[in-house]
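The values are calculated or read from the model by the stated rules, or taken from the named source; none is laboratory data. Because the structure is predicted, anything quoted here is derived from the model rather than measured. Ideal geometry is used to build each Cβ from the backbone, glycine not excepted, and the neighbour counts take in all protein chains shown.
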Amino acid sequence: MKNILLIFTLCFFSVQGYAFTCLNLITGDTFSSNQNQDVMVPVQNELVQDENIFANVGEYFACRNDYGWGQDFMDLTAVDMGPKLAAGGVKGGVYINGQRYYDDDPALAVGVNIYTLTAKEWTPMDVDMFFDVSSTPGSLIVINQGDVLMRLTLFFRSGIDGVTRTYIWTFRAANDAFLATGSCSINDDEVIEVDFGDISDADIGYPGTMSPTQRHKQIELNYRCDDPRLNLDIQIMLNAGISAFTTNGIEVKGVSGLAVEMYHEGNIIPPFSSFRSRIENGTGHDSVVFNVVRTPDPQMGDLQYGEFEANATLVMSTP
């Protein structure tokens, strides 16, 4: 009798590895485990009534099925507004596949599917994030660089091996911003141009002074709100770069020895300061005066002949 030797080769394939990988599109880093992610998002000062979409998750993150077969599921399970936005009464949420979900939507507790991945290719996560703004002006919300705007909690489940993971992605402000809620406008939201024309040395004074001989411009401010029944006190804040030689002045681009000051009822309003005004029956009116000043101690190159430009924003809110 012959003995036949049978050799069995057994290969065990583990699918316990990373069947699902995400990519941070800003840094280029990939991650598969339960790693939290922080990204910086630019913030605009101007908000419109109702909905303001401030970012799309797909601009920052993409994911893929590493095997290219089976199914991987990514669900959103929580939306948390940043502390300053929540304290300011700002509501918000996300759009997933065309459906809007507010941060307190009960569907999120169960999990809302963002997508199901089967292909081994990077797929951006098409989720719009938004704020909602009421029609009535509210308190000014000061956002500093690094402040949390929104935090998303996501739940991953592999249909291949049943592996689950939780991701927390935090979206932070990439810049300082002043968010004024409400649908009231200043001068119909048109750009206000302050043209000083041709000015000479004699037309320019020093910081904190405004005489009749100095060149200055009065600008009328007209307020209009969507609600004609609105009656309330408001404040108008000056948002602008600060001059290098006077903290009361607006920075002039390219000319370090010049600055522009803003006055209201004879009082100087420095950048990031405000003055009180009033809305009655949905409208209001006020005026401010802009004045050009120069450094009292000019150095070489501080004062130059030619055109100059300075930019600022007036922000309306409640006191």
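Key figures
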| read-out | value |
| --- | --- |
| Scope the range 142-172; condition of a type in the set (A, V, I, L, M) and surrounded by fewer than 21 Cβ atoms within 10 Å (Cβ to Cβ); matching residues | Val142, Val148, Ile160, Val163, Ile168 |
| Strands (runs of 3 or more DSSP E) completely within the range 58-176 that count 1 or more residues being acidic (Asp, Glu) and under 30 Å from Arg229 (Cβ atoms) | 127-133 |
| Failed item in (1) assigned to a loop (DSSP other than H, G, I, E, B); (2) free of Cβ contacts under 8 Å to residues at least 60 places away in the same chain, with Ser277 passing the rest | (1) |
| Search result, residues across the range 179-203 that are surrounded by fewer than 19 Cβ atoms within 10 Å (Cβ to Cβ) and not in a loop (DSSP other than H, G, I, E, B) | Ser185, Asn187, Asp188, Asp189, Asp201, Ala202, Asp203 |
| Number of the exception - Pro137 against (1) in contact with a helix residue (DSSP H, G or I) (Cβ under 8 Å, 6 or more places away or on another chain); (2) closer than 16 Å to Asn52 by Cβ | (1) |
| Selected residue [in contact with a Ser or Thr (Cβ under 7 Å, 6 or more places away or on another chain) and modelled with pLDDT under 95] from Ala180, Ala78, Ala86, Ala119 | Ala180 |
| Out of Val289, Val255, sole residue that is closer than 16 Å to Val194 by Cβ, touching a Phe, Trp or Tyr at 6+ places or on another chain (Cβ under 8 Å) and not in a strand (DSSP E or B) | Val255 |
| Residues being under 32 Å from the mean Cα position of the chain (by Cα) and among the small types (Gly, Ala, Ser) - total across the range 187-245 | 4 |
| Any hit, the range 69-76, residues being in contact with a Gly (Cβ under 9 Å, 6 or more places away or on another chain) and of a type in the set (D, E, K, R) | yes |
| Candidate set from the range 80-117 (those that are among the β-branched types (Val, Ile, Thr) and under 22 Å from the mean Cα position of the chain (by Cα)); member that is surrounded by the most Cβ atoms within 10 Å (Cβ to Cβ) | Val94 |
| Search result, residues across the range 118-134 that are free of Cβ contacts under 8 Å to residues at least 60 places away in the same chain and touching a Gly at 6+ places or on another chain (Cβ under 8 Å) | Thr118, Ala119, Lys120 |
| Members of the range 193-202 that are modelled with pLDDT of 80 or more and of a type in the set (Asp, Glu) | Glu193, Asp195, Asp198 |
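Rundown of residues vs (1) of a type in the set (S, T, N, Q); (2) exposed (fewer than 15 other Cβ atoms within 10 Å of the Cβ); (3) in contact with a Lys or Arg (Cβ under 7 Å, 6 or more places away or on another chain), yes/no style:
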| residue | (1), (2), (3) |
| --- | --- |
| Gly205 | no, no, no |
| Thr213 | yes, yes, no |
| Asn239 | yes, no, no |
| Thr247 | yes, yes, no |
| Ile250 | no, no, no |
| Gly254 | no, yes, no |
